[in-house]
Amino acid sequence: SLQRTFAVIKPDAVAAGNTGNILAEIEAAGFSIAAMKKMHLTKSQAEGFYYVHKERPFFGDLVNFMTEGPIVALILEKENAIAEWRKLMGATNPEQAEEGTLRKKYGANIERNATHGSDAEETAAFETRYFFNAMETV
Ligand code: CMP
């Protein structure tokens, strides 16, 4: 059924000038953009976004990466949007991502992987509300 997911174009892809390419691929894949904003996260905002990973060894590096430059935060709508967006992104590690996926094309390594997408309905709900209020959403 029609579903929404939360997505991020990460600092590596924004800095490389790939925002437009990624947005074009999002629309070509049949997603509609329900909300979008460009922002530069603070450390505490990035820590809050990724709090589920706070015990992981890569957490500090991840927060540094996510705050090194602006991101584009998005709400995407499509049938089965959560799974469909994860399919378009490809595997977390760009080296393992399928040809044609966003992370394969625009990602450099397992950390600097160009895009983020919610992994389940509960995380999509949390992440959406973390970034967008009701008046910012179509
Ligand atoms: P994302 O899908 O946004 O979720 C967590 C992020 O942590 C991931 O993409 C990567 O940017 C980063 N990361 C860095 N190292 C790892 C790792 N070993 N496993 C998973 N994610 C990692």
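Bear in mind that the values in this text are calculations on the coordinates, not laboratory data. These numbers were taken from a predicted model, which means no experiment stands behind them. Methodologically, a virtual Cβ is constructed for each residue, glycine included, from the backbone with ideal geometry; neighbour enumeration extends over all protein chains shown.
Assorted remarks:
- Contact order relative to length of the chain, as percent, for alpha carbon pairs under 8 angstrom and 6 or more apart: 37 percent
- Amide N proximity, the stretch 81-106 versus Leu2 label position 7 Å along Cα-to-Cβ, cut-off under 13 Å: 81
- Ordered by the number of other Cβ atoms lying within 10 Å of each residue's own Cβ, fewest first, His116, His53 fall into the sequence His53, His116.
- Near the amide H of Gln3, within less than 5 Å, lie the amide hydrogens of Lys78, Glu79, Asn80, Ala81, all on another chain or at least 5 residues away, with H placed in the peptide plane.
- Cα centroids of the stretch 1-65 and the stretch 94-138: 5 Å apart.
- Over the chain, dividing the summed -39,500 (n - 2.57) contributions of all DSSP H runs of at least 4 residues by the number of residues returns a 222 nm mean residue ellipticity of -10500 deg cm²/dmol.
- Here the translational diffusion coefficient of the chain follows from Stokes-Einstein with Rh set to the Kirkwood radius across Cα pairs; for 25 °C and 0.890 mPa s it amounts to 165 µm²/s.
- Our estimate of slack between Thr123 and Met135, defined as 0.36 nm per intervening residue step minus the Cα-Cα distance, is 2.3 nm.
- Among the listed pairs Lys54/Lys78; Lys78/Lys104; Lys10/Lys54; Lys10/Lys87; Lys43/Lys78; Lys38/Lys105, a Cα-Cα separation exceeding 25 Å is found for Lys54/Lys78; Lys43/Lys78.
- The stretch between Phe59 and Ala24, if pulled fully straight at 0.36 nm per residue, gains 9.6 nm over its current Cα-Cα span.
- Residue separation of Lys37 and Ala83 scaled by 0.36 nm, minus their Cα-Cα distance, works out to 14.3 nm of gained length.
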